[in-house]
Each structure stands twice: as structure tokens, then as C-alpha cells.
1. Counting only protein heavy atoms and using a 1.4 Å probe, what share of the accessible area of the chain belongs to carbon plus sulfur, as a whole percent?
2. At a threshold of 8 angstrom on Cα-Cα distance, excluding pairs fewer than six apart, so keeping six or more, what relative contact order does the chain reach in percent?
3. Does anyone have the angle between helix 69-83 and the longest principal axis of the chain? Alpha-carbon axes, 0 to 90°, nearest 10?
4. Give a quick list of chymotrypsin sites (Phe, Trp or Tyr not before Pro) in region 87-127 that DSSP marks as loop, anything other than H, G, I, E or B, with at most 16 other Cβ atoms within 10 Å.
5. For helix 18-29, report the angle its Cα long axis makes with the longest principal axis of the Cα atoms of the chain; keep it between 0 and 90° and round to the nearest 10°.
6. So if I place +1 on the C-beta of Lys and Arg and -1 on the C-beta of Asp and Glu, and nothing else carries charge, what would the dipole magnitude of the chain be about its Cα centre? I want it in debye, nearest 20.
7. Evaluate E = 1/(1 + (r/R0)^6) for residue 42 and residue 81, where r is the Cβ-Cβ distance and R0 equals 25 Å; express this FRET efficiency to the nearest 0.05.
8. Rank 125, 112 by accessible area, highest first, at a 1.4 Å probe radius?
Amino acid sequence: MELGLRGKVALVTGGSITLGKGLVEALAGQGVRVATCARGFDQLKETAEEISSKTETEVLPVKADVTSPDDIRRFVTAAYERFGRVDILVNSATNMSVANMWELTDADWLNHFNTKAVGYVRCIHEA
């Protein structure tokens, strides 16, 4: 299904595996040039190359942690430098503290909050 997104530019956080990877692939499949970030660059680069090859659409991998304001700034700046603009932001970065809510420590809760709330807002602000 053509969504009318061809030629747009997207930022996708957490784009190296699972849901984030699927989002990058779906956008690139629509002709959207994508800048994507994750903490682990090797997996991110492999994912970007795989999706670029499959979709024939440019995917820019940038190592960045959304809990770091400097990393977010560098990620967004890299996208603007490469593509000249940003039309879409998809916040999908996550962390791997998996447990039921009663088992999570204060540090786990703060990590989730800093990634999924503070990090997402910082990405919105920077973009």
C-alpha cells in the first residue's frame, strides 16, 4: 500500500532490532530516507545495510543513546547534514530491563523513564 511518504525523511530511535528495525524497514520500503540510532553500532550498521540493500533507500546509522542529550543532538544533526531536513520522528528506543512491575528496582524504573519519556521528549525538542 502506497502511503504517499516517498521522498520524506524520518528519524527512528532504537532502529537496530525488533520493532525499531521493522519501523525502519517499513519506512524505507515506502521510499522514506531514514536516519536511525541505537547504542550498539555494529548491529545498527548491519541492519541499515540490510534494509538499504533490500529497499534501495538510504538508511543512515548513527550510534546514539537517547538518554544522552549530546548523543541526541549528534544524531539529529547527522540526519540534517545528510538529508537536509526531517519530516517524521519515530521514538522507538527502549531498554532491556524486563520484569513485572513489582520486581523492578528504582534504578530500573529510572532507566525506563529516562529512555522512554525524557529521551523521547529530548528527541522531539532537538528535531
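1. After summing per-atom areas, the C and S share lands at 55 percent.
2. Result for the chain is 26 percent.
3. Helix 69-83 sits at roughly 10 degrees to that axis.
4. 102
5. 20
6. 360
7. Using R0 = 25 Å, I get an efficiency of 0.65.
8. Result, largest first: 125, 112.
The values are calculated or read from the model by the stated rules, or taken from the named source; none is laboratory data. Since we're looking at a predicted model, the values are computed, not measured. For neighbour counting, all protein chains shown are included, and Cβ atoms are generated from backbone atoms with ideal geometry for every residue, glycine included. Accessible surface is based on the protein model in full, side chains and every heavy atom, while ligands, DNA and RNA are left aside. Shrake-Rupley method; radii C 1.70, N 1.55, O 1.52, S 1.80 Å.
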